[in-house]
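The values are calculated or read from the model by the stated rules, or taken from the named source; none is laboratory data. Worth saying up front: this structure is predicted, and the values here are computed from it rather than measured. Neighbour counts run over all protein chains shown; Cβ positions are idealised from the backbone, glycine included. Only protein heavy atoms, including side chains, enter the accessible area calculation; ligands, DNA and RNA are left aside. Shrake-Rupley method; radii C 1.70, N 1.55, O 1.52, S 1.80 Å.
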Amino acid sequence: MEGTRHGRLIANSLMDVTIRVKSVRPFSVKQMGVLLDNAHLLRGTGQRNGICEVLFAASWICGEFASMLSRPRAAIEAMLKPQSTTLPGHIQAVFVQNVMKLYAHVVKEGMEDDGDEDEVADIHALLEGTLPMYVQSGDLEVQERACSVMQLLKYMKKCRDRDQDILPEVVALFDGEMNPVAPKAQRKVPVPDGLDLDKWINDPPSDSEDEPESAFGAAAFFGEKEEVRTKSKKDV
């Protein structure tokens, strides 16, 4: 696949099939985890719309269906490698977002009776130590997402020091299942009885209300020009 210029199309197809076909979802999530582990094989292709675009899909799929990953920590570490900063900005941004999704999944598992609290603490420290490289990104979207995650991590640590449990709220941020929606689904939604989509909700503004304002603006503008011209003639 090296040298392809259809990376974005491949990424969209991977996401579409994984979302829509539940029977292949576990296999897809597993393979996307493997793809993230071997992301170094794709980072070198710097051409536009290259094969590195599949890392966008891999990150999103692993984050959205984190419960199907056997090793979520491995996926987190793969997206936090320093070499990831060489990827296009939109891929870095989705890395940051889905690192937090995976962390929320690890937190959820740690809240259970047999959960590993040390694992949660280790990943928390890993995020605090490596996310600053995304904060320094030249892409504004990456910066914003990384700064937001860093502030959330600091707030979680502060609440933990005060013996305040906000972990359920953190998990709730990314809880819920993504359902596929067809591009033309809105057309199948019936219009409620009594709703006229062509009727104004409020009374439309009358033309007479706009004319004085526009006329005043024009007069003020052109009047100012005329005054300047008159002064220039007198000076001559």
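Observations
- Taking all protein chains as shown and a probe of 1.4 angstrom, residue 70 keeps an accessible surface of around 110 Å².
- For the stretch 110-167, a crude dipole built from +1 on the beta carbon of Lys and Arg and -1 on the beta carbon of Asp and Glu, taken about the Cα centre, is about 560 debye to the nearest 20.
- Residue pairs, from the table 30/154; 101/157; 22/188; 101/154, whose Cα atoms sit over 22 Å apart: 30/154; 22/188
- The alpha carbons of the stretch 78-129 give a radius of gyration and a Dmax of 12.7, 40 Å, in that order.
- Relative pair counts by distance (%), Cα atoms of the stretch 93-193, 10 Å bins: 13, 38, 25, 13, 9, 1
- Net charge in the neighbourhood of residue 149 (other residues with Cβ under 11 Å of its Cβ; Lys, Arg +1, Asp, Glu -1) is +1.
- Within the full protein context, the accessible area of residue 67 is estimated at about 90 Å² for a probe radius of 1.4 Å.
- For residue 157, the solvent-accessible surface computed with a 1.4 Å probe is close to 90 Å², ligands and nucleic acids excluded.
- Evaluating kT/(6 pi eta Rh) at 37 °C and 0.692 mPa s, with the Kirkwood radius of the stretch 38-173 over Cα pairs in the Stokes-Einstein relation, gives 214 µm² s⁻¹.
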